[in-house]
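Just below is one structure, and these are the notes that go with it.
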Amino acid sequence: RLLAEPECDLDSQSVQEFLRFFYVAPPRSIYKEISRIESGHYLTVANNGALATHKLEPIPANERESASMDSADATLRQFQNLFEASIERRIGGRRVGVFLSSGVDSATLMAGCQRIVADQVEAFTVGFDAPELDESAAARAYADCLGVPHTTLRFNSSDYLAAFKKNAHEFDQPFADPATLPLTCAAGAAKESVEVLTDGSGSDGLFGAPIPRHLRFPLEFSDRSPVALRKFIGAGLSQVEFLGLT
């Protein structure tokens with residue numbers, strides 16, 4: 001909606017893809033004649049206004065080999081240095097809020113922020129009435145362990161309806177992530193007490209490649225299956241021919 005002019009037509013193939021998978025894969029968008037940048041690519045704009053996309057160069061083989069030969073401790077130290085430098089570049093010395101779940105991504109992000117701006121970090125978690133959805137207790141335990149103030153936010157149906165209307169007005173194409181509404185509500189509540197917000201959820205989105213809906217089910221099924229069963233199924237599938245392929 002932000003990108004398209006009123007006369008822009010919807011792309012029928014993208015509409016079908018979204019209704020089936022809840023996701024429109026780049027380079028298509030929901031609109032005809034409007035493209036998105038694929039993962040692993042970047043956009044350049046020339047002085048004359050010409051646009052071009054380019055594929056990122058792969059890491060040279062010699063650098064990959066060198067990295068694989070480094071010790072695990074050295075690799076970990078290098079990652080931590082890069083990770084903390086990235087945090088510092090983005091938050092500076094400002095008071096920072098962390099959207100904290102029970103997962104390792106947001107907990108690691110909170111720990112990194114605490115190292116950079118100690119005593120200027122506050123954690124926020126959206127609480128839910130359904131026990132299977134509520135992560136506030138585990139999140140509070142993480143925050144208490146690092147001495148970070150923690151707030152559990154709870155919203156009602158009116159809050160989510162307002163967030164839905166806001167997103168429907170501002171998003172440039174359909175977006176089916178169910179975490180969007182709680183995230184919108186949490187951002188509005190947290191901005192009153194912090195200057196910058198950080199979020200570790202959906203980290204695969206950093207690479208422009210969120211997992212499509214048709215892949216989530218087999219991945220979730222596989223994750224819950226015993227290792228022995230997964231190996232047995234994998235060995236069986238490797239012997240099956242499909243369209244002449246093995």
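Could you sort out which of Lys165/Lys191; Lys32/Lys165; Lys55/Lys165; Lys55/Lys166; Lys32/Lys191 sit more than 27 Å apart by Cα distance in this structure? The pairs that break the limit, which is 27 Å between Cα atoms, are Lys55/Lys165; Lys55/Lys166; Lys32/Lys191. Among 228-236, 150-158, 49-57, 109-117, the peptide with the highest mean count of other Cβ atoms within 10 Å heads the list, and the full ranking is 109-117, 150-158, 228-236, 49-57. Expressed as a whole percent, the accessible surface of region 143-198 that belongs to carbon and sulfur atoms is 59, based on a 1.4 Å probe.
What percent do you get for the relative contact order of region 22-168 when only Cα pairs under 8 Å and 6+ apart count?
Reported as a whole number, the value is 13 percent.
Spacing of the modelled spin labels on Val104 and Ala118, each 7 Å from Cα toward Cβ, amounts to 2.6 nm.
Using the eigenvalues of the Cα gyration tensor, what equivalent ellipsoid semi-axes result for region 25-166 when each is taken as the square root of five times the eigenvalue, whole Å, largest first?
34, 28, 16
Determine the sum of side-chain charges near Pro26: Lys and Arg each +1, Asp and Glu each -1, restricted to other residues whose C-beta is under 12 angstrom from that of Pro26.
Working: positive: Arg28, Arg36; negative: Glu17, Glu38.
Result for the local shell: 0.
Length gained on full extension, Ser193 to Tyr160: 9.8 nm, using 0.36 nm per residue less the C-alpha separation. The length gained on full extension between Thr180 and Ala85, counted as 0.36 nm times the residue separation minus their Cα-Cα distance, comes to 31.4 nm. Considering only Cα atoms, the convex hull volume of region 103-199 works out to 116 Å³ per residue.
The values are calculated or read from the model by the stated rules, or taken from the named source; none is laboratory data. No experiment lies behind these values; they were computed from the predicted model shown. Note that we place each Cβ from the backbone using ideal geometry, even for glycine, and neighbour counts take in every protein chain shown. Ligands, DNA and RNA are excluded from the accessible area calculation, which covers all protein heavy atoms including side chains. Shrake-Rupley method; radii C 1.70, N 1.55, O 1.52, S 1.80 Å.
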